[in-house]
Each structure stands twice: as C-alpha cells, then as structure tokens.
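So the structure is just underneath, and the comments pick up after that.
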Amino acid sequence: MLRRAGPSLRHFLLERKSSAGYSSYSVEAKMSRPVQAQRLEGIDKNIWVEFVKLAATYSMVNLGQGFPDFPPPDFLREAFMRALSGENHMLHQYTRAFGHPPLVKILAQFFGKLLGRDLDPMTNVMVTVGAYQALFCCFQAFVEEGDEVIIIEPFFDCYEQMVKMAGGTPVFVPLRLKAPKDGKLTSSADWQLDPTELASKFSERTKAIVLNSPNNPLGKVFSRGELELIADLCVKHDVLCISDEVYEWLVYDGKEHIRIASLRGMWDRTVIIGSAGKTFSATGWKVGWTVGPNRLLQHLRTVHQNSVYHCATVAQEAVAQGFQRELELYGKPDSYFIQLPKELQQKRDWLVQSLDAVGMKPIVPEGTYFLVADISEFKSDVPDVPDSDEPYDSRFAKWMVKNKGLAAIPLSAFYCGAHKNKYNHFIRFCFAKEEATLKAANDILQKWKQEKTSP
C-alpha cells in the first residue's frame, strides 16, 4: 500500500500558527461585518409575537389574536380528509405554482359571478400562502424607492412594514371618529374619511392605496359613497388599489360588501386579496388568493415564483371543493357564507352587551370578527405614566392579561408611530369564539366590575 509522503493537509492546518502566535484551531473566528439588510431597519418588532407570548403565558381567555376557536365547517374538513387519504397520490406532490388548477378554476367562476366579468383562471387568479403572502407579493411587485403608498388608519400592521421593506414610503390618512347621536353606541360607520384630507395625500409620487374593507381592527364596512371617493382619486391620479377583502363575507345588519374593482375605472388598477382562513374559518391552512387583471398579476407571479412557489396542494384541493359547494348554494340559506355571519352577529351582540354592561364602551362593528372598545373608564386601574414611550392602551392590555387573565390587542398597534398616542384608549377583542369562551370573558369582566364598585 502506498502512502503519501509528508504531513497530511489536516495535520498541517491544525499545527499552523498565526503570526500572532496563537492556534487558529483553538480560537473561534467571529464575524464582524454588519449582516442585516438596510431594508429591515426599524421593522423588527412585531405586536403579534409579543402579545401571543403574553396570552400563552397568562391568559385564561384569549380574545386577542384573530382566529376562531371553533372548527371549520364539516364539509370542508371532510373535503380535506378525502384529499389527504384518497387514491390521488399526486395531491401529496407539487401542483401548479400559481394555484392548483381546480382551485383557480372555481375561484375564477365564483369571483367572475360576483364581479360580473369573465375571468381566466390561469391569468386573473393566483393562489398564495394566505393573504399575508398576497400582500407581500403586491408590495414587492409594485413598490420601489421613491414610491408613496397611502394607508388608511387604523390598518393591519404589516402594511406599513411591507411598504418600507419594498423601499416605499407609507403615507397615512386616518378614519376620524364622528360623535354618535345621544344615547347611541358608537358604530364603526362613525369612523369616516375626510374627503379633503384624503385627496391631499395623493401626489405624483403616489403609486398605490391600500383599502381594507371590512376593516381590521374597526370592523368598518366602507359605503358605496366612500369607495367611489377612493375610486375617483385612484383614476384621477392613475394609482393602483390593493384591496384587502379577507373579511368579505363577515358583514352584519344587512350591510353590503361592495368590491371596489366593480366600480368604474377600477378593474384595471385593482388587485383583490382573499383568504380561505377567514372565509372558511381555517386560518392555519394558509390558503389565500389574488384576483385582478393579468397586466398586474403577471408581476405578482414573478415575485411568487421566486419566493414561496406554492402552498400545500391538499389544502388547495379542499378549498376548491368548499368553493364548489358554495357556488352551488350561492344565496341559499344553507350556504356557509350566509350561516357564518348570522352566527357571528349573535356573538358580536353578546360581546357588545357584555362590555357595555361593565363600562367598556364598545364600537359596534359592521363587519369582520373584531370589536374595539373604549377603556377610558378603567384608567383608574392602570394609572397613566407621563412621558412614557409606550402607548397607554398597550400598557393596559399587558396589565389586563397579567392581572385579569383576559387577552386583547391595543388599538395603537394599528397606527403609525407618530399617531399611536392619539388613539391610545381603545383595545380590540376578537369574538369569533365558542360560546363558552365568550361566557368566560364575561365572567372575568363582571368580577372586575364588582371589584371596582365594592367599597
């Protein structure tokens, strides 16, 4: 057997001494150069990470994070099980990157019916990993350095961060609270845009506006007049509309969800975003979609194919079957899209009464499964801290979960940094919960009220 002459390379490297006299084998070489991309500066904190951890640690009742604690409908779970255990083994493999063919086909049929236009499933629909990824694709595809994006406050918090990550500048315009008539509870409809103020936010740098109707966190359902105001400004300034409509089926009291893409001049400039998680009460499945003209969706496909590629095939198959059922039952009493809002409206009314009875003034939502309440009368329990950087409602929500076991989310989390302290006496509750969960929340509130009123 032949051996190489001389020491091995490994032996040479281990024995090698540096000019400073220490062994490179015994000292770890640490990296000193900065590694964080500049686009991540200032967006590292996330309200959900913090409050989900608090809820898991302290809460007996979690009305904070927005997900149902009841199961998806039987027909959807059965569809999932058929897809999972059936003979079509290809449902366990990759499917079409831009959407499982059965799902994009039924989505094109369904939304074509709602919008009154023929949709091509291959070019007018794209399936995403939840609505969250659909939003990310929009901002990455359309926004660049120097672009401004108008965001209506309060807003789902990722809008601001995603605009910044894409290199754009968020421009904020608030919904302003109009005083309700004497004796009436405040409604989400009382939060309104000022037309002049909204118009002033549009400029030659404006690339897009983000619309969320029904709105999270308020539950506001934008009226036709409000949508026409936004649409007219989009057309006038040649601006895109990113329309987050994930709560489209969750509207109450006879309100109508109007799709802004159906208004004059808006189809060509609008991307509609939807969510199976909100539509079918299955948030963990992470199936979302975009609907819009090919001239816009082609750019989303570029982002999508170079990032996530696609979501779980089995989940897409089940959602496709769910939509097929809903298309057949559209407008009929057995439709889940009719049954679910009826059930949620009852839960909403129950929580409104519960909060009102203890002095937390509820803002009655027209849609979504969220309810915002004014905590001003509870300030004696959690005294204010002058000159604190943390908004009052954030400290209140943390105190409440730690001391009362009830989790909620501060409304200031849905405002930009400059405006957080202007709306810091509200907290948001989620009422998409089992009756037992809502009863447990009521018990906590009633006990709290008794403690406040007892001598």
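The values are calculated or read from the model by the stated rules, or taken from the named source; none is laboratory data. This is a predicted model, so every value here is computed, not measured. Note that each Cβ is placed from the backbone with ideal geometry, even for glycine, and that neighbours are counted across all protein chains shown. The protein model used for the area step is the full one, side chains on, heavy atoms only, and it has no ligands, DNA or RNA in it. Shrake-Rupley method; radii C 1.70, N 1.55, O 1.52, S 1.80 Å.
Computed values, structure above
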item: Among (1) open to solvent by less than 20 Å² (accessible area, probe 1.4 Å); (2) over 28 Å from Met165 (Cα atoms), the one test that Thr95 misses; result: (1)
item: Failed condition for Ala436, given (1) part of a helix (DSSP H, G or I); (2) touching a residue at least 12 places away in the same chain (Cβ under 8 Å); (3) aliphatic (A, V, I, L, M); result: (2)
item: Those strands (runs of 3 or more DSSP E) lying entirely in the stretch 110-213 with at least 1 residues over 28 Å from Gly99 (Cβ atoms) and open to solvent by 20 Å² or more (accessible area, probe 1.4 Å); result: 148-153, 169-174
item: Filter result (surrounded by 21 or more Cβ atoms within 10 Å (Cβ to Cβ) and either touching a Pro at 6+ places or on another chain (Cβ under 7 Å) or not in a helix (DSSP H, G or I) (or both)) within the stretch 439-455; result: none
item: Residue match in the stretch 405-415 (condition: more than 24 Å from Gly254 (Cβ to Cβ), in a helix (DSSP H, G or I), touching a Lys or Arg at 6+ places or on another chain (Cβ under 7 Å) and small (Gly, Ala, Ser)); result: yes
item: Residue within the stretch 286-299 that is open to solvent by 10 Å² or more (accessible area, probe 1.4 Å), closer than 22 Å to Pro214 by Cα and either assigned to a loop (DSSP other than H, G, I, E, B) or touching a Pro at 6+ places or on another chain (Cβ under 8 Å) (or both) present; result: yes
item: Where a residue in the stretch 381-392 is closer than 9 Å to Asn421 by Cα and touching a residue at least 24 places away in the same chain (Cβ under 8 Å) and its partner, wherever it lies, is in a loop (DSSP other than H, G, I, E, B) and of a type in the set (Lys, Arg), with Cβ under 9 Å and at least six apart; result: Tyr392/Lys379
item: Tally of residues being in a helix (DSSP H, G or I) and either modelled with pLDDT under 95 or surrounded by 11 or more Cβ atoms within 10 Å (Cβ to Cβ) (or both) across the stretch 71-89; result: 12
item: Which numbered condition Ile363 fails, given (1) open to solvent by 10 Å² or more (accessible area, probe 1.4 Å); (2) outside any helix (DSSP H, G or I); (3) in contact with a Ser or Thr (Cβ under 6 Å, 6 or more places away or on another chain); result: (1)
item: Flag if Val372 is buried (at least 17 other Cβ atoms within 10 Å of the Cβ) and in a helix (DSSP H, G or I); result: no
item: Cβ pairs under 9 Å, 6+ apart, first in the stretch 287-298 and more than 18 Å from Val129 (Cα to Cα), second open to solvent by 10 Å² or more (accessible area, probe 1.4 Å) and in a helix (DSSP H, G or I); result: Pro293/Trp267; Pro293/Asp268; Pro293/Arg269; Arg295/Asp268; Leu296/Ala141; Leu296/Phe142; Leu296/Asp268; Leu296/Arg269
item: Options Cys241, Cys234: the member that is assigned to a helix (DSSP H, G or I), touching a Lys or Arg at 6+ places or on another chain (Cβ under 7 Å) and within 23 Å of Arg176 (Cβ to Cβ); result: Cys234
item: Some residue of the stretch 334-357 being open to solvent by 70 Å² or more (accessible area, probe 1.4 Å), of a type in the set (Lys, Arg), modelled with pLDDT of 95 or more and part of a helix (DSSP H, G or I); result: yes
item: Of residues in the stretch 376-399 being over 24 Å from the mean Cα position of the chain (by Cα) and either open to solvent by less than 10 Å² (accessible area, probe 1.4 Å) or hydrophobic (A, V, I, L, M, F, W, C) (or both), the one modelled with the lowest pLDDT; result: Val385
item: Residue list for the stretch 231-280, restricted to those being of a type in the set (Lys, Arg) and either crowded, with 21+ Cβ neighbours inside 10 Å or within 19 Å of Gly112 (Cα to Cα) (or both); result: Arg259, Arg264, Arg269, Lys278
item: Residue list for the stretch 109-138, filter: within 16 Å of the chain's Cα centre (by Cα) and of a type in the set (Gly, Ala, Ser); result: Gly130, Ala131, Ala134
